[in-house]
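Let me begin by presenting the structure, written as structure tokens, before commenting on it.
What follows draws every value from the coordinates through simple rules; no lab data is involved. Note that this is a predicted model, so its numbers are computed, not measured. Backbone-built Cβ (ideal geometry, glycine too); neighbour counts: all protein chains shown.
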């Protein structure tokens, strides 16, 4: 990726994250700067993977601005829906920050129209929820899928708090699911910790190195 493309991508990602998150104070250092706790359920129908139903819980500092916007839009349903649609549109433009591969390593595309999406306050946090569907259902039989969800720049850490955060209840007995944590070496962790929030050049390979993997293996 050349410098021009990197700057364009960083500007776009920054716009998306600003829509999702309130920025921290300028003296904050080290990546990540914000945190999203995720829960994901696999959506299966007729032995086909259809998509995923997910919930993102933002940390308190990141939730603050959106909570304010939600509060002032409570009496104006159209304004509230516009806020939700704008955020969802930004998430869709980045492919839901999610990357799905089959057993041949082919990247699987998603539908550009999310379902059942919304935004709500839970105490001092904001939760965003939506279903993102595959553009074409994928046969589970004799297949393997790997799902990773992350911010490529690792500005935001997107993580499952524990293995129960991924719901495999819809899969059949012929399939097995698991969530794997990344194996990140000390050098990479130190590099991430050295990155300042205002750093002008982003490393868009960093997020993938910290990404957890949702594995689905079917006979």
Shape call, region 139-187: gyration tensor on alpha carbons, a/c limit 1.5: prolate
Packing-wise, with mean Cβ within 10 Å as the measure, how do 62-74, 204-216 rank, highest first? 204-216, 62-74
Under 15 Å from a point placed 7 Å out from the Cα of residue 35 along the Cα-to-Cβ direction: which residues of region 146-184 have their backbone N that close? 155-162
For 52, 35, what ranking results if the residue with the fewest other Cβ atoms within 10 Å of its Cβ goes first? 35, 52
Going by the alpha-carbon gyration tensor, a ≥ b ≥ c the square roots of its eigenvalues, is region 27-110 rounded (a/c under 1.5) or, if a/c is not under 1.5, prolate (a/b greater than b/c) versus oblate? oblate
Over the residues of region 93-219, compute the C-alpha Rg and express it relative to 2.2 N^0.38 Å. 1.18
